[in-house]
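Working notes, beginning with the structure itself.
Laboratory data are not the source of any read-out in this text; all were calculated from the coordinates shown. These numbers were taken from a predicted model, which means no experiment stands behind them. Quick reminder, even Gly has a Cβ in these numbers, built from the backbone with ideal geometry, and neighbours come from all protein chains shown.
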Amino acid sequence: MQEKVYFTNASGKELAGIIDRDESKTNQGVVIILGSFNSYKYSAKQEFLAETFKSFGLAVFRFDYQGRGESDGDISFATISTGLEDVRAAVDFIKNQLWVSLDKISLFGSEYGSALAILEAEKNKQYKFLILTAPRPQFETFYDGADIDEWRKNDFYHTKGLNLHISLHDDVESYDVLNVAKRITIPTLIISAENEEARELGQDKRLKRVMKNATVKIVEECNNVHCADAKTQIYNFIKNWLDEKCLIRKKLD
């Protein structure tokens, strides 16, 4: 069953989400998808992830951050803090669903979402597992080409088709995601593409060094973890890891 839902964050913005679950189950584990900076809950990436986790018997909750998709807000003013506000609203919403098994809630984070997932998982110890793709714990690499003085002078910086307010830079400076990651002990799977920018910057390697229970898998012959040829590799990485860590009840064909 797929259900479209709406919920409100702490700032009063209405956020839109999609729940995919087996309505015959009254007690089901769920994976909350935390997408990239400009992600959309109906994107091909998120549809693939929903189908992947559903095939393992898990429900999936994906949603639009404020200022994206069908959610209220302005993406120009998005920061790590606004993302965390949305994540915590999504977690509170899903925890109030009667069918959710509260000890089987997990997080999947991609790029920007990987930083949010790390910060949320360290703050709240309730999560079963963590999966990160193309991780960017040092999120300032997202706007590497920016002249900060010029950005501050103009208020906005244009990159990747977005106009970003200087508050993003200032907010990122207040978080040390790599240091936070040191305190995460739940099983964590990190997936990067062989030729991906974030991997070239060594972000997955830094996470592996500081996280106590992390496994790194590399998608071969791709410069993007979600390239067309990556789906089978990603599916198998997740399936085999969940099985090895006894995070799914049985092996699936």
| field | Residues whose placed amide H lies under 5 Å from that of LEU164, excluding near-sequence neighbours | value | TYR157, HIS158, THR159
| message | Could you tell me the ratio Rg/Rh of segment 22-88? Both radii from Cα atoms, Rh via Kirkwood. | response | 1.03
| If you bin the C-alpha pair distances of segment 131-253 every 5 Å from 0, what whole percents do you get? | 2, 10, 17, 16, 17, 15, 11, 6, 3, 2, 1, 0
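What value, in deg cm²/dmol to 500, does the helix sum -39500 (n - 2.57) over DSSP H runs of n ≥ 4 give at 222 nm once divided by the residues of the chain? Please list the in-between numbers first.
Details: 9 runs with 84 residues, N = 253.
About -9500 deg cm²/dmol.
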| query | So, with +1 on the Cβ of K and R and -1 on the Cβ of D and E, and no other charges, what is the size of the charge dipole of the chain about its Cα centre, to the nearest 20 debye? | reply | 1320 debye
| note | the chain, Gaussian network, Cα under 10 Å: of HIS226, HIS158, HIS169, the residue fluctuating most is HIS158
| message | Between LEU162 and ASP229, what is the label-point separation in nm under the 7 Å Cα-to-beta-carbon projection? | response | 2.9 nm
| query | So which of LYS41/LYS217; LYS104/LYS212; LYS208/LYS239; LYS13/LYS231 end up more than 23 Å apart, counting from Cα to Cα? | reply | LYS41/LYS217; LYS13/LYS231
| field | Extended-chain gain in nm, criterion 0.36 nm per residue less alpha-carbon gap, TYR6 and GLU220 | value | 73.2 nm
| task | Report P(r) for segment 150-220: all Cα-Cα distances, bin width 10 Å, range 0 to the bin holding the largest distance, values in whole percent. | result | 18, 32, 32, 17, 1
| Inter-label distance, nm, simple model (7 Å from Cα along the C-beta direction), LYS205/SER174 | 3.2 nm
| query | In terms of Cα to Cα distance under 12 Å, which aspartates and glutamates are near enough to LYS125, apart from those fewer than 8 places away along the same chain? | reply | ASP103
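Treat every Asp and Glu Cβ in segment 88-173 as -1 and every Lys and Arg Cβ as +1, leave all other atoms uncharged, and give the resulting dipole magnitude about the Cα centre to the nearest 20 debye.
Working: 10 positive and 14 negative charges, 130 e Å.
So the magnitude is around 620 debye.
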| request: Determine, from the Cβ-Cβ distance of LYS245 and LYS153 and an R0 of 41 Å, the FRET efficiency 1/(1 + (r/R0)^6), rounded to the nearest 0.05. | output: 0.25
| request: Enumerate the calculated ³J(HN,Hα) couplings along segment 45-60 in order (Karplus 6.51 cos²θ - 1.76 cosθ + 1.60, θ = phi - 60°), each rounded to whole Hz, writing x wherever the residue is Gly or Pro. | output: 4, 6, 5, 4, 5, 4, 5, 4, 5, 4, 5, 9, x, 9, 6, 9
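Would you mind ranking CYS246, CYS227 by Cβ crowding within 10 Å, fewest neighbours first? Could the numbers behind the result be given before it?
Numbers: CYS246 8, CYS227 15.
Going from sparsest to densest Cβ surroundings: CYS246, CYS227.
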| query | Considering amide H positions built from the backbone, and no H for Pro or chain starts, which residues 5 or more places from THR215, or on another chain, come under 5 Å of its amide H? | reply | THR188, LEU189, ILE190
| remark: For the chain, any Cys whose C-beta has no other cysteine C-beta under 4.7 angstrom counts as unpaired, and these are CYS246
| task | Please report, to two decimal places, log10 I(q)/I(0) for segment 112-175 at q = 0.18 Å⁻¹ as given by the Debye formula with identical point scatterers on the Cα atoms and no solvent. | result | -0.72
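Can you put PHE63, PHE108 in order of Cβ neighbours within 10 angstrom, beginning with the fewest? Provide the component values of the computation, followed by the final result.
Details: PHE63 29, PHE108 25.
Going from sparsest to densest Cβ surroundings: PHE108, PHE63.
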| query | Based on the alpha-carbon gyration tensor of segment 11-129, what equivalent-ellipsoid semi-axes (square roots of 5 times the eigenvalues) come out, in whole Å, largest first? | reply | 22, 15, 13
| query | Using θ = phi - 60° and the Karplus curve 6.51 cos²θ - 1.76 cosθ + 1.60, what whole-Hz ³J(HN,Hα) does each residue of segment 67-84 get, with Gly and Pro shown as x? | reply | x, 10, x, 9, 8, 5, x, 10, 4, 4, 9, 6, 9, 4, 5, 5, x, 4
| query | What is the Rg over Rh value, at two decimals, for segment 11-59, using alpha-carbon atoms and the Kirkwood definition of Rh? | reply | 1.01
| remark: Taking only the alpha carbons of the chain, the radius of gyration and the largest Cα-Cα distance, Dmax, both in angstrom, are 17.4, 57
| note | For segment 226-234, in residue order, the Karplus 3J(HN,Hα) values (coefficients 6.51, -1.76, 1.60; θ = phi - 60°; whole Hz; Gly and Pro = x) are 10, 5, 4, 8, 8, 4, 5, 4, 5
